[in-house]
1. Looking at (1) farther than 19 Å from Pro146 by Cβ; (2) part of a helix (DSSP H, G or I); (3) of a type in the set (Val, Ile, Thr), which is the one condition that is false for Ile419?
2. Filter region 404-431 down to the residues that are surrounded by fewer than 23 Cβ atoms within 10 Å (Cβ to Cβ) and modelled with pLDDT of 90 or more and list them by number.
3. Identify, please: which residue in region 373-395 is among the aliphatic types (A, V, I, L, M) and buried (at least 18 other Cβ atoms within 10 Å of the Cβ) and is, among those, farthest from Pro92 (Cα to Cα)?
4. Do we find that Val325 is modelled with pLDDT of 90 or more, in contact with a Pro (Cβ under 7 Å, 6 or more places away or on another chain), under 21 Å from Val58 (Cα atoms) and buried (at least 24 other Cβ atoms within 10 Å of the Cβ) in this structure?
5. Select from region 15-29 the residues that are touching a residue at least 60 places away in the same chain (Cβ under 8 Å) and assigned to a helix (DSSP H, G or I) and list them in ascending order.
6. Does any residue of region 167-182 turn out to be outside any loop (DSSP other than H, G, I, E, B), out of contact with any strand residue (DSSP E or B) (no Cβ under 9 Å at 6 or more places or on another chain), closer than 30 Å to Asn382 by Cα and in contact (Cβ under 8 Å) with a residue 24 or more places away in the chain?
7. When you scan region 179-198, do you find a residue that is modelled with pLDDT of 85 or more, surrounded by 20 or more Cβ atoms within 10 Å (Cβ to Cβ) and of a type in the set (S, T, N, Q), even just one?
8. Test Val8 against the criterion of being touching a strand residue (DSSP E or B) at 6+ places or on another chain (Cβ under 6 Å) and surrounded by fewer than 19 Cβ atoms within 10 Å (Cβ to Cβ), and give yes or no.
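The values are calculated or read from the model by the stated rules, or taken from the named source; none is laboratory data. Being a predicted model, the structure only gives us computed values, none of them experimental. Cβ placement follows ideal geometry from the backbone for every residue including glycine, while neighbour counts extend to all protein chains displayed.
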Amino acid sequence: MSEGRKMVYTLDEIPKPFGKALGLGIQHVLTMFGATVSVPLIIAPALGATPEQIAILVASVMLASGIATFFQVNFGTRLPIIQGVSFSFLGPFFAIIGMTIAGGMEVSMQHIAGAILLGAIVEMLIGFTGLIGMLKKYTSPVVIGPVIAMIGLALYQAGAPLAAANWWLAITVIVFAFFFSLILGPKKPFFSLFPILLAIIVAYVLGIILGEVSFDAVRNAPWIRMPWGPGGWVLPWGMPKFEVGFFLIILAGYLASIIESYGDYHSINEAADGPPLTNKQISRGIGMEGLGCFVGALFGGLASTSYTENIGLVGLTKVASRYVVNIAVVILILMGIIGKFGGLVATIPGSIVGGLYCTLFGMIASIGISNSAKSDLSSMRNQMIMGFILFMGLSLPFYFKNAGVSFEPQWLSNIVVSIGSTGMAVTAILGLILDNVIPGTDEERGLHMYGEKK
């Protein structure tokens, strides 16, 4: 345990009265709200989603996040860690959408659900069998950093074109995101907790003033979503569809998510002043993340992972109570069931989403670069590997997009094209091969940061 840390509420303590616990649970939801809502809003334009479909997608993501968090807090690591939809999967999602959107949004979502389900089985196997320890020995920052960076870099074509629908709103989001996070944030912690959410609110109010906001989605959304039927909780997009190629490319997202969660478990345990983290606890956590992704896909959501934002909240408030996070679980599930909530989020104009693209995608890329810094960036070995896999992660998908690659057998052609068209998958595969074939010390590769030896 950490020396000298004074927790307000430890893991097993229950804040009283209930109103205090409720307020602390709501704070967790507010902390993860901006990032959780951002992902469905980000993929909605590519899906050609109507406001009503966006409302269903947002509600499904909230419901899935609540279920995944319940699994993690009560049966996984049993630490107060929120699960939410992951940015790590944006690259694979966009790749799948690009290859299936001709059939409509529902078809794309069915293929995304199928890929998530198959990938979740792999994540459960990695977790519950204890393979996470072996995986860590072969995935150094030399690989993980560029893979994370590629999430943002590969989506550069989506930012300005969407923002251009109304530059006033897009620029408002960008300016206030910087203002709240970097200028007010260091002085007032509240603004550093919710910079994106607050920036969206400011731009949204401006959008109402400019007449850019339509409330039709709220009017058309039901008060309560039913379990079955169109737009219901279970399989709202129809039965999942399975493609081997899509399964393989989404594994790159799972790889990045698993490595991120591995670090997050140590961070939340430190923030919560918990007992020493065990390998069994970590394995159980990864396994439960896989189960959360599996069940979440059945409920129409997207793949989930641990949320670093909420780890920061635990460190700031020194409230580590599992009871509080379980209250947040109930709130998330209710938000997923109440249809009007998703309808309200669906009224956010596309230009505001474009502003989010410009702000967040670059940030994701910089996070990847900072992760790479755990390795020796002065090493010629690392420079050549990272430069090559980043370049190929951008160049090879461009080639596949324009070359019309096709050969026999067709099933193999589909797999190759699916993988080659996805920057994250290209970067991950080439990185794993080169980083493990070319000799390098643990310190050079950054494995010493994980306490692992090859």
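1. Failing condition for Ile419: (1).
2. Leu430, the sole residue that qualifies.
3. Ile385
4. Yes, satisfied.
5. Ala21, Leu22, Leu24, Gly25, Ile26, Gln27, His28, Val29
6. no
7. For region 179-198, residues modelled with pLDDT of 85 or more, surrounded by 20 or more Cβ atoms within 10 Å (Cβ to Cβ) and of a type in the set (S, T, N, Q): absent.
8. yes
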